[in-house]
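Student: One structure coming up, written as structure tokens, with questions to follow.
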Amino acid sequence: MEPYKETVDAVVSEYDASLDDGLTERKVEEKIKNNGKNKFDEASKESLAKKFFHSLTDFTTIILLVAAVISLYTAIATDHGDYFESFLIIAIVVINSVLAIVQEGNAEKALSALQDMNKQTATVIRNGKQEEIDAEDLVPGDTLLLESGSMITADARIAEASQLRVEESALTGESEPVMKDPEYQGEEDDSLGDRLNMLYKGSTVVNGRGKAIVTATGMKTEMGKIAGLLNSDETQKTPLQKRLNQLGKRISLIALAAAAFVFFIGQMQGEPMLDMFITAISLAVAAVPETLTVIVTLTLAFGVQKMAQKNAIIRRLPAVETLGSANVICSDKTGTLTQNKMRVRRVWTHGDSVVDTEEGMTDEAMEVLSIAALCTDVIVENDDNELEIKGNPTEAAIVRAVEENYHTKAELEEKYPRIGEIPFDSDRKMMTTVHKRGKKFISITKGAFDVLYPKFHYGDVDQAAIVNDRFGKKALRVIAVGYAIHEEEPKEITSEALEKNLRLMGLIGMIDPPRPESKAAIARAKKAGIKTVMITGDHVVTAGAIAKELGIMKSRKEAISGAQLQKMTDEELDDRVKDLSVYARVTPEDKIRIVKSWQRSGAVVAMTGDGVNDAPALKASDVGCAMGITGTDVAKGAADMVLTDDNFATIVDAVARGRSVYQGIRKAINFLLSCNISEIFIVVIAMLLGWGAPFTAVQLLFVNVVADGLPGFALGREPAEAGIMDEKPIPRDEGIFARGLWKKIGLNAAVFTVVTLIGFYIGAFVEHISYFTPPSLEVGQTVAFLVLAYSSILHVFNVRSSKSIFKVDLATNKSLAQMAWLAIGITTAIALIPQTQELFYLVPISMNHWIIAILLSLVPIIVTELIKFHKAPEVDPENI
Ligand code: ATP
């Protein structure tokens, strides 16, 4: 059966469906068994073995493997039979790859768990009840309910539609939304775009409402048929990750150059060529920060996980970085800064007759509320006497006021059945419904007073304007209600035909109190150099009153209305944008202008949104934040981050987290590069001085993988530092090494170099340290190895905080201390156990040598502590 060629009835019976009651639980189960889930077949994941071999093709690993081959060759050529070195290099390659795969796997798992939280849902009727289900559970025959902003998650035949316009460019390439028509009679060679009675997975409802019967799911949908082409499972990398990969390669090249240099000097000094070769190659490999990219991924994943725990779900990884740089947050008012618990407080009908609904209700006020309640699309659920109203909060407030005064929406609807509607949208700021009223018809229009004002031809309109202003000053949102009586059924249900010549019935004033946490979050953002801008569909007076209360604006001059904004040129807006804090009565289109103007001034803008028309502004902003509860699928799809609690304070928390991730990555770079760069210096300087090679290849690899790798992995879990929100945002174009990071790395590397070379020199050349352990190259190497390994492990405590190590609570990151102890334990063990000593070319050393090694490895901590002591920043511990 081709559903687009059939009538609705034929489709209903073919799929065993029911338009009003939907499928029963039993039928759904049966159909899931037969059809499977509504999802595409998954692209096969890279197997573990493949991942492993993939990791071996890494630039640095190739160098390492070449080193292993050369080592093997030297062992054979010199006939000394020492195959351990090549074996060890290979073992370290394997350990390194396995560690990387395991850690990367953990990070991936954390990120894909978040993907699950981003799952699509669908609203259906099942068992006679409206339900929101996971889109994967849709089956053919389900009755889909559609409204503006719904994402279509299966193919379906439309059964009912009101002004239903659908954007299906993903399938047809046509970006203009199409008006759908359930009555359309499909023809044989209709293309997908011609089938006006069908909906296809991957499209979105941009306007109107409707009902449809699901006809195909999963791979059987039109999208599923081309899914193979779309099945790209590319993991996202942030710009910083990409730059760090580049950096890793660049350091490899520097290391290779250093290796060539060392080789050349060795040659000049007459060292055996093969020995030089292996030292040079191992230096090249050892100097590369093998674990850097994994540690950065871990830090990001940890940050993203923490954000999710605090209600911010990252949809695009690069947003984590951008968040740290955000210096403007443009926020909706309703529900984000306020509680979204809209309640009717005042009703005005005529003259001075304002009713305070908390004090009592009059018949006249009740009439206005009842008429307005007819013009709503909320759903009333009255389980266990607990009134729950789902849908638009403005409408919910009206219906609640009616239901709490012993009338019901259902009753009203029975008396005045609805025969047509022109839905609400934030651009028009009004909506209209048409009802039967005995033998006549009534059209009810409700919306913002100032927008409806010119349409009222009857009623006390001038007085209403005064009351509207008075309500606004009290931070009340005002909804005007009007109607028109029609003798005959209106033929055209359009704005032009119905939204004119209205009789004003009254004004409804409602309040939505600010969220208690908003004020503090705005103050916190301000301290962190972030300006909060309120963008709202509400009236400028109402918005201004709330903005003042929240500390967003001080003077009335900071607020303008959408109408004023539209009169401004882009240049004029650019001149004033920094002084404006409240934009009222704006349309979603205005939001883009505001974002772009801020961006032209160099700002990094986070913007909230929930409606379909907010999607372009969410895309245009640097961090688009969609509302998780009230947001449409389209807004969520366009956003970088979804706020599961719709709360402004969550954005500010996410910014703090974004900054801490950035800080964490800088710490990892400091930690790893200090050690890697010192390794290059130590080897080159020792060779230049003619002291011989201070390390063997395996010793350097051990330092990188164990002494650096283990604590490094735990560094990714470091919590944010105190005072992170006392600093200015990270400038957009700031390099990761800015603000003195290179200097710090250079200094650390220099200190490591000096202490390690001293250790090497003492072990290799200084007599009388111990009677039983005379100086030798091997003793020097052993002391140098211990000094470098210990000081690198301890360095993790230096970089974890800008505060003194004595002031940081170790319990905030237990795994860091555990990993550091583990690394110290392993290092000490291999230096003490005869078998491992042999493997790592270490020799037994005297107690005096041990003491010297330990004292030397404490020097970097002492130096860093002295520097920190001089620069101790003053921070407010409250502002973490
Ligand atoms: P904000 O932009 O602050 O989050 P909002 O999203 O609620 O607020 P809109 O939905 O664009 O703003 O509403 C703008 C105006 O439209 C409101 O001030 C109100 O006057 C009117 N309005 C809101 N909802 C409805 C509705 N369901 N029917 C008629 N008019 C409405």
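Student: Per-residue HN-Hα couplings for the stretch 25-41, Karplus 6.51 cos²θ - 1.76 cosθ + 1.60 at θ = phi - 60°, whole Hz, x for Gly and Pro?
Tutor: Along the stretch 25-41, the couplings run 3, 5, 5, 4, 4, 4, 6, 5, 4, 7, 9, x, 7, 8, 8, 7, 4 Hz.
Student: Starting from 0.36 nm per residue, how many nanometres of slack lie between residue 359 and residue 10 once their C-alpha separation is accounted for?
Tutor: On the way: separation 349, 0.36 × 349 = 125.64 nm, distance 5.52 nm.
Between residue 359 and residue 10, full extension yields an extra 120.1 nm.
Student: Once you keep just the Cα pairs under 8 angstrom separated by 6 or more residues, what percentage relative contact order results for the stretch 461-590?
Tutor: Values: 164 pairs, mean separation 34.5, N = 130.
Dividing the mean separation by the residue count of the stretch 461-590 yields 27 percent.
Student: Could you sort 765, 713 by accessible area so the largest value comes first, with the probe set to 1.4 Å? List each step's numbers first, then the result.
Tutor: Details: 765 85, 713 15 Å².
Largest to smallest exposure gives the sequence 765, 713.
Student: Follow-up question, since we're still on this one. How do the peptides 677-690, 487-500 rank, highest first, by the average count of neighbouring beta carbon atoms within 10 Å per residue?
Tutor: Numbers: 677-690: 20.6, 487-500: 13.1.
Ranking, from highest mean packing down: 677-690, 487-500.
Student: To the nearest 10 degrees, how steeply does helix 777-799 sit against the main Cα axis of the chain, on a 0 to 90 scale?
Tutor: Here the helix axis deviates by roughly 20 degrees.
Student: Below 8 Å between Cα atoms, with a sequence gap of 6+, how large is the relative contact order for the stretch 271-428 in percent? Before the final figure, lay out each step's value.
Tutor: On the way: 99 pairs, mean separation 21.1, N = 158.
The value is 13 percent.
Student: Right, next: Counting Lys and Arg as +1 and Asp and Glu as -1, what is the net charge of the other residues whose Cβ lies under 12 Å from the Cβ of residue 123? Provide the component values of the computation, followed by the final result.
Tutor: Values: positive: 126, 129, 209, 211, 390; negative: 131, 132, 134, 142, 147, 633.
In short, -1.
Student: Tabulate in residue order the Karplus-calculated ³J(HN,Hα) for the stretch 394-409, using 6.51 cos²θ - 1.76 cosθ + 1.60 with θ = phi - 60°, rounded to whole Hz; enter x for Gly and Pro.
Tutor: Once rounded to whole Hz, the list reads 4, 5, 4, 4, 5, 5, 4, 4, 5, 5, 6, 10, 6, 10, 10, 4.
Student: Let me ask you something else. Helix-only estimate, please: 222 nm mean residue ellipticity of the chain, summing -39500 (n - 2.57) across DSSP H runs of length 4 or more and dividing by its residues, to the nearest 500.
Tutor: On the way: 33 runs with 423 residues, N = 880.
Taken over the chain, the calculation gives -15000 deg cm²/dmol.
Student: Please determine, in degrees from 0 to 90 and to the nearest 10, the orientation of helix 741-765 with respect to the longest principal axis defined by the Cα atoms of the chain, where the helix direction is its Cα long axis.
Tutor: Taking Cα atoms only, the helix is inclined about 20 degrees.
Student: If r is the Cβ-Cβ distance from residue 814 to residue 854 and R0 is 22 Å, what FRET efficiency results, to the nearest 0.05?
Tutor: On the way: r = 24 Å, r/R0 = 1.10.
Efficiency for this residue pair is about 0.35.
Student: Short version: ³J(HN,Hα) in whole Hz for each residue of the stretch 360-370, in order, from phi by Karplus 6.51 cos²θ - 1.76 cosθ + 1.60 (θ = phi - 60°), x for Gly and Pro, what are they?
Tutor: Running phi through 6.51 cos²θ - 1.76 cosθ + 1.60 with θ = phi - 60° gives x, 10, 10, 4, 4, 4, 4, 5, 4, 5, 5 Hz.
Student: While we're here: Which FRET efficiency, nearest 0.05, do residue 439 and residue 738 yield, Cβ-Cβ r, R0 56 Å?
Tutor: On the way: r = 77 Å, r/R0 = 1.37.
Working from the Cβ atoms, E equals 0.15.
Student: How many nm is it between the label spots at residue 264 and residue 131, if each spot is 7 Å from the Cα in line with the beta carbon?
Tutor: Going from the residue 264 label point to the residue 131 one covers 7.5 nm.
Student: Here is a further query. Taking the 0 to 90 degree range and rounding to the nearest ten, how far is the long axis of helix 588-600 tilted relative to the main principal axis of the chain, both from C-alpha atoms?
Tutor: So the helix axis and the longest Cα principal axis differ by about 30 degrees.
Student: What is the percent carbon and sulfur in the accessible area of the chain, measuring with a 1.4 Å probe over the protein chains and ignoring ligands?
Tutor: Details: 21590 of 38880 Å².
Taking all protein chains in place, the chain shows 56 percent carbon and sulfur surface.
Student: Hey, how much of the P(r) for the stretch 310-363 falls beyond 12 Å, as a percent of Cα pairs? Provide the component values of the computation, followed by the final result.
Tutor: Working: 1117 of 1431 pairs.
Within the stretch 310-363, distances greater than 12 Å cover 78 percent of Cα pairs.
Student: For the stretch 605-719, what log10 I(q)/I(0) values come out of the Debye formula at q = 0.10, 0.17, 0.23 1/Å, with one point per alpha carbon and no solvent?
Tutor: Debye output, listed in q order: -0.54, -0.83, -1.11.
Student: Turning to a different aspect of this structure: Would you check the accessible area of residue 39, probe 1.4 Å, heavy atoms only, in square angstrom rounded to 10?
Tutor: Accessible area of residue 39: about 90 Å².
Student: Let's test the formula: R0 of 45 Å, r as the Cβ-Cβ distance of residue 517 and residue 52. What FRET efficiency results, to the nearest 0.05?
Tutor: Values: r = 48 Å, r/R0 = 1.06.
That pair, residue 517 with residue 52, gives E of 0.40.
Student: Mind listing the Cα extents of the stretch 751-846 along all three principal axes, in Å, largest one first?
Tutor: 44, 29, 18
Student: Please compute the length gained on full extension between residue 78 and residue 469, using 0.36 nm multiplied by the number of residues separating them and subtracting their Cα-Cα distance. Before the final figure, lay out the partial values.
Tutor: Values: separation 391, 0.36 × 391 = 140.76 nm, distance 9.59 nm.
Full-extension gain reported as 131.2 nm.
Student: Could you state how much accessible area residue 345 has, in square angstrom rounded to the nearest 10, with a 1.4 Å probe and all protein chains kept in place?
Tutor: My reading of the accessible area for residue 345 is about 70 Å².
Student: Arrange the peptides 385-397, 633-645 so that the one whose residues have, on average, the most other Cβ atoms within 10 Å appears first. Walk me through the numbers before you get to the answer.
Tutor: Values: 385-397: 16.5, 633-645: 23.2.
Descending packing order for the listed peptides: 633-645, 385-397.
Student: Next question, about the same structure. If packing is taken as the average count of other Cβ atoms within 10 Å, what order do 619-626, 247-254, 786-793, 515-522 fall into, highest mean first?
Tutor: On the way: 619-626: 25.4, 247-254: 15.9, 786-793: 27.8, 515-522: 18.9.
Put in order of decreasing packing, that is 786-793, 619-626, 515-522, 247-254.
Student: Exceeding 25 Å between C-alpha atoms, which entries from my cross-link table qualify? They are 526/591; 429/455; 429/526; 310/333; 409/474; 249/868.
Tutor: Working: 526/591 21 Å; 429/455 13 Å; 429/526 32 Å; 310/333 20 Å; 409/474 29 Å; 249/868 32 Å.
Beyond 25 Å: 429/526; 409/474; 249/868.
Student: Find how many whole Å separate the alpha carbon centroid of the stretch 805-874 from the alpha carbon centroid of the stretch 400-463.
Tutor: That distance is 75 Å.
Student: Would you calculate the separation in nanometres between label points at residue 570 and residue 728, each defined as 7 Å from the Cα along the Cα-to-beta-carbon direction?
Tutor: 2.7 nm
Student: Could I ask something else about it? Which aspartates and glutamates, if any, have their Cα less than 19 Å from the Cα of residue 619, not counting same-chain residues under 8 positions apart?
Tutor: Reachable aspartates and glutamates: 167, 168, 176, 321, 332, 427, 589, 590, 610, 633, 640, 646.
Student: Hey, rough spin-label estimate for residue 457 and residue 578, points 7 angstrom out along Cα→Cβ, what's it come to in nanometres?
Tutor: Taking the two extended label points, one gets 5.1 nm.
Student: Please say if the stretch 577-670 is rounded, prolate or oblate, where rounded means a/c under 1.5 for a ≥ b ≥ c the square roots of the C-alpha gyration tensor eigenvalues, and otherwise the choice is prolate for a/b larger than b/c and oblate otherwise? Kindly include the intermediate steps, with their values, before the conclusion.
Tutor: Details: a/c = 2.12, a/b = 1.39, b/c = 1.53.
Because a/c hits 1.5 or more and a/b fails to exceed b/c, the stretch 577-670 counts as oblate.
Student: Okay, moving on. Bin width 5 Å, origin at 0, all Cα-Cα pairs of the stretch 544-614: what percent of pairs per bin?
Tutor: 3, 16, 26, 25, 22, 7, 0
Student: Just to verify a number: what accessible area does residue 104 come out at with the full protein assembly present, 1.4 Å probe, Å² rounded to tens?
Tutor: Looks like 60 Å² after rounding.
Student: Here's something else I'd like to know. Looking at the chain from every direction and averaging, what is the projected area of its Cα convex hull in nm²? All intermediate terms of the calculation are to be shown ahead of the outcome.
Tutor: Working: hull surface 178.0 nm².
That works out to 44.5 nm², a quarter of the Cα hull's surface.
Student: I would also like to ask the following. Please state the relative contact order of the chain as a whole percent: Cα pairs under 8 Å, 6+ residues apart? Don't jump to the answer; show the numbers that get you there.
Tutor: Working: 1675 pairs, mean separation 103.8, N = 880.
Relative contact order of the chain: 12 percent.
The values are calculated or read from the model by the stated rules, or taken from the named source; none is laboratory data. These numbers come from a predicted model, not from an experiment. Using ideal geometry, Cβ is built from the backbone for each residue, glycine included, and neighbour counts are taken over all protein chains shown. With ligands, DNA and RNA removed, areas are computed over all heavy atoms of the protein, side chains included. Shrake-Rupley method; radii C 1.70, N 1.55, O 1.52, S 1.80 Å.
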